[in-house]
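Structure first, then comments.
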Amino acid sequence: MSIWPELRFLTSVAKPAGLPPDVGREIAVAGRSNAGKSSAINVLLARHGLARTSRTPGRTQLFNYFELAPGRRIVDLPGYGHASVAAGARENWGPLGEALRVRESLAGLLLIVDCRRGVGLMDLHFLDWAGRPAEQTHVLLSKADKLGRGAGLTALRAAQAGLAGKASCQLFSALKGVGVDEARAVIRRWLG
């Protein structure tokens with residue numbers, strides 16, 4: 001059972017005109033292709049299979065909106081980086097991303113980063129482009145179960161140093177449940 005009993009898929013958006021009305025509060029979930037965005041959404045919202053997961057990078061090609069409660073949404077963004085995506089879909093992401101970035105309802109950005117890769121230049125560029133204040137940006141260092149405790153803490157310290165105050169961050173594992181409660185607390189705070 002989801003901790004948000006009214007949770008439902010709302011819409012998939014390919015062009016700015018398709019975005020839901022700019023009211024309420026929403027959280028964007030972003031990250032490199034195959035960083036674990038969809039898995040994180042499913043675990044955080046306690047709804048298996050809500051966001052489609054795949055081992056193949058680049059499966060999410062639209063902005064997928066989920067409504068947690070009236071006026072409270074999460075949007076799963078396409079991954080950036082190495083995924084091979086049709087040129088037409090990729091061309092739509094620029095205007096769509098710009099439209100999302102300036103929405104009044106955008107209350108937070110949850111950035112998913114594979115802890116084994118660390119926070120990279122693409123992630124930092126994305127954060128700079130998004131332009132959210134640090135208190136509205138949180139990084140989940142996903143797949144923490146793939147590292148031992150010491151290596152995980154080293155990855156966390158490296159991420160904190162690399163982020164240089166642009167965002168808070170934590171270790172996270174959708175598979176083992178590491179950091180789920182902490183991340184849900186961030187979501188609740190942003191959604192109000």
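The values are calculated or read from the model by the stated rules, or taken from the named source; none is laboratory data. Predicted model only: the values in this text are computed from it and were never measured. Cβ: placed from backbone, ideal geometry, glycine included. Neighbour counts: every protein chain shown.
Give the number of residues within segment 4-31 that are within 15 Å of H138 (Cα to Cα) and charged (D, E, K, R). Let's see the steps before the verdict.
Here is the first cut: in segment 4-31, the ones within 15 Å of H138 (Cα to Cα) are 26-31.
Next, only the ones that are charged (D, E, K, R) stay: 26.
Here the count works out to 1.
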Exercise. Just name the residue that is modelled with the lowest pLDDT out of those in segment 60-78 that are in a loop (DSSP other than H, G, I, E, B) and surrounded by 17 or more Cβ atoms within 10 Å (Cβ to Cβ).
Key: T60
Quiz item: In segment 157-184, how many residues are closer than 12 Å to L124 by Cα, touching a residue at least 12 places away in the same chain (Cβ under 8 Å) and of a type outside the set (K, R)?
Solution: 5
Practice problem: Would you check if there is a residue in segment 139-150 being surrounded by 17 or more Cβ atoms within 10 Å (Cβ to Cβ), at pLDDT 95 or above and out of contact with any helix residue (DSSP H, G or I) (no Cβ under 8 Å at 6 or more places or on another chain)? | Solution: yes
Practice problem: Kindly list the number of the only condition in (1) surrounded by fewer than 17 Cβ atoms within 10 Å (Cβ to Cβ); (2) at pLDDT 90 or above that fails for G94. | Solution: (2)
Quiz item: In segment 1-14, what count of residues is obtained for those that are surrounded by 13 or more Cβ atoms within 10 Å (Cβ to Cβ), part of a loop (DSSP other than H, G, I, E, B) and modelled with pLDDT of 90 or more?
Solution: 1
Self-check item: Unique match (being outside any helix (DSSP H, G or I) and in contact with a Phe, Trp or Tyr (Cβ under 7 Å, 6 or more places away or on another chain)) among L175, L141
Solution: L141
Self-check item: Residue in segment 15-42 that is nearest to the chain's Cα centre (by Cα), counting only those that are under 22 Å from D128 (Cβ atoms) and part of a strand (DSSP E or B)
Solution: V29
Quiz item: With respect to T56, is the statement that it is within 26 Å of L175 (Cβ to Cβ), hydroxyl-bearing (S, T, Y), surrounded by fewer than 19 Cβ atoms within 10 Å (Cβ to Cβ) and modelled with pLDDT under 90 true?
Solution: yes
